[in-house]
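J.: Sharing a structure, written as structure tokens. Questions coming.
The values are calculated or read from the model by the stated rules, or taken from the named source; none is laboratory data. In this text the structure is predicted, and so the values were computed from the model without any measurement. When we count neighbours, we look across all protein chains shown, and the Cβ atoms used for this are built from the backbone with ideal geometry, even at glycine.
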């Protein structure tokens, strides 16, 4: 099936000081949002290895928690200890190469919202979004 370059492009939308990265890919939409923001529809998938502080499981309104798609504990700690962003991104993409095909089922729906507690943009959820887009374009 594949994806044509003219129908896949990252879109940065600024809404009330909230950054949302979105890919549209063969009628499938995936975007990144902070878990602390109000739910705005879609299949909500948490992509943090640790549960976000200060939010209950009920308030999170999650459909899935995809721990298998998150950076390893070692990589996460290395990044927090000062690893350069570009090095982190490459290392995380290498980890994603080794994820079982069955673990990608978390992202098989049509309107996916990748949720993270991370404030920094870009963050690991954006790397996952980029990897997913590349994976589905081949």
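J.: Residues in the stretch 101-115: is at least one modelled with pLDDT of 95 or more, surrounded by 15 or more Cβ atoms within 10 Å (Cβ to Cβ) and farther than 19 Å from residue 135 by Cβ?
T.: Yes, that holds for at least one residue.
J.: Could you tell me which residue of the stretch 24-37 is surrounded by the most Cβ atoms within 10 Å (Cβ to Cβ), considering only residues that are at pLDDT 90 or above and outside any strand (DSSP E or B)?
T.: 35
J.: Just checking, how many residues over the stretch 47-77 are more than 15 Å from residue 34 (Cα to Cα), part of a helix (DSSP H, G or I) and in contact (Cβ under 8 Å) with a residue 12 or more places away in the chain?
T.: Result for the stretch 47-77: 6.
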